[in-house]
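J.: The structure under discussion is supplied below as structure tokens; questions concerning it will follow.
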Amino acid sequence: QVQLVESGGGLVQAGGSLRLSCAASGRTFAMYAMSWFRQAPGKEREGVGCISSSSGNTYYADSVKGRFTISRDNAKNTVYLQMNSLKPEDTAVYYCAADGGCAGVRAWPSEYWGQGTQVTVSS
């Protein structure tokens, strides 16, 4: 069982940056691939990116490639999403999720996920 808690969301102007954090419980965090998803009002939840458990390989959706970076600190049981050059279309609730693995951007649903954190980008 893994419990996930996201933080770091907020309101930012277009072109700005935010860093989201996701703290995980449990001693098996390092074994999980960690993903970020987002869901905008009226839209389906979409994968933003994923970082593998072992190699630390990262995968990103085309819409965020070059702007967003996923990283993890296994000693702190935490995964991060650094978001730069934010656009109004990045406005959504962002969720972190844990799964057995990833070889690309994962599709919803995931095995475990958090409650989400709101990111709002103003134009």
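The values are calculated or read from the model by the stated rules, or taken from the named source; none is laboratory data. Quick caveat: nothing in here was measured; it's all calculated off a predicted structure. All Cβ positions, even for glycine, are placed from backbone atoms using ideal geometry, and neighbour counts span all protein chains on display. Each accessible area value is taken on the protein alone, full model and side chains, heavy atoms only, with ligands, DNA and RNA left out. Shrake-Rupley method; radii C 1.70, N 1.55, O 1.52, S 1.80 Å.
J.: What lysines does Lys87 reach when the alpha-carbon gap must be under 22 Å and sequence neighbours fewer than 8 apart in one chain are set aside?
T.: Cα-Cα hits under 22 Å: Lys43, Lys65.
J.: Then there's this: Any idea which of Ser35, Gly56, Gln118 is furthest toward the positive side of the dipole for the chain, if Lys and Arg beta-carbons carry +1 and Asp and Glu beta-carbons -1?
T.: Gly56
J.: Report the label-to-label distance for Ala23 and Arg67 in nanometres (one decimal), using points 7 Å from each Cα along the Cα→Cβ vector.
T.: 2.9
J.: Remind me, relative contact order of the chain in percent, using alpha carbon pairs under 8 angstrom and six or more residues apart?
T.: Relative CO of the chain lands at 37 percent.
J.: Spelling out what I want: for every residue of segment 72-86, take phi, set θ = phi - 60°, compute 6.51 cos²θ - 1.76 cosθ + 1.60 (Karplus), and round to whole Hz; glycine and proline get x.
T.: So the J values, rounded to whole Hz, are 9, 10, 5, 5, 9, 6, 9, 10, 10, 10, 8, 10, 10, 6, 5.
J.: Over segment 2-123, with every protein chain in place, what whole percent of the accessible area is carbon and sulfur at 1.4 Å, could you tell me?
T.: Exposed carbon and sulfur together represent 48 percent of the surface.
J.: Given +1 on the Cβ of Lys and Arg, -1 on the Cβ of Asp and Glu, and no further charges, what dipole in debye does the chain carry about its Cα centre, rounded to the nearest 20?
T.: Roughly 180 debye for the chain.
J.: What whole-number distance in Å separates the alpha-carbon centres of segment 102-123 and segment 3-60?
T.: 6
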